Amino acid sequence: QVQLVESGGGLVQAGGSLRLSCAASGRTFSSYAMGWFRQAPGKEREFVAVISWSGGRTYYVDSVKGRFTISRDNAKNTVYLQMNSLKPEDTAIYYCATSFYATVSTDLAHFGSWGQGTQVTVSS
């Protein structure tokens, strides 16, 4: 089973930036699509961004389009989420996850391995 560890969260002011990293173990990392999800207090976990195993296709939830960028470096077994122009509503615990498949999906059921999460707090 792949092991995922997120890092890079923290406290920033609105308009600021953060880069989240997710380090994955295992040689099969490059065969998975990778996704970022987030969960705010009292809310359900929601999809944020996903990237295909090759890095050639990405998809974002509408609320982060133009602000967030997902990328991956398969040689380093790492996926990133660059978050710019952060808003207070971006405050959540952010989770990295691996898909069962190589193609992109926004369906939580398609993701089997999850990291522990990293807290992102955006103040106004």
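With every protein chain present, what is the per residue accessible area of the range 1-103 (1.4 Å probe, Å²)? Kindly include the intermediate steps, with their values, before the conclusion.
Working: 5200 Å² over 103 residues.
Using a 1.4 Å probe on heavy atoms only, each residue of the range 1-103 averages 51 Å².
Short version: what are the Cα gyration tensor semi-axes of the chain, square root of 5 times each eigenvalue, largest first, in whole Å?
Largest first, the chain gives 23, 14, 14 Å.
Using a 1.4 Å probe over the heavy atoms of the protein chains, calculate the carbon and sulfur portion of the accessible area of the chain as a whole percent.
49 percent
Please report the relative contact order for the chain, taking Cα pairs under 8 Å with a sequence separation of at least 6, and give it as a percent rounded to a whole number.
Numbers: 319 pairs, mean separation 45.0, N = 124.
In percent, rounded to a whole number, it is 36.
What does a probe at GLN13 reach in the range 82-99, counting residues whose amide N is under 15 Å from the point 7 Å along Cα→Cβ?
Only 85-88 pass the distance filter.
Once label points are set 7 Å from the Cα along Cα→Cβ at both ALA109 and ASN84, what is their separation, rounded to one decimal in nm?
Distance between label points: 3.7 nm.
For the range 55-97, which semi-axes, largest first and in whole Å, follow from the square roots of 5 times the eigenvalues of its Cα gyration tensor?
Working from the Cα gyration tensor, I get semi-axes of 20, 12, 9 Å.
Ignoring ligands and nucleic acids, what accessible area does SER52 show with a 1.4 Å probe (Å², nearest 10)?
My reading of the accessible area for SER52 is about 10 Å².
The values are calculated or read from the model by the stated rules, or taken from the named source; none is laboratory data. Just so it is clear, the model here is predicted, and its values are computed rather than measured. Positions of Cβ are backbone-derived with ideal geometry, glycine not excepted, and every protein chain shown enters the neighbour counts. For the accessible areas, the whole protein counts, side chains as well, though only heavy atoms, and no ligand, DNA or RNA atoms are used. Shrake-Rupley method; radii C 1.70, N 1.55, O 1.52, S 1.80 Å.
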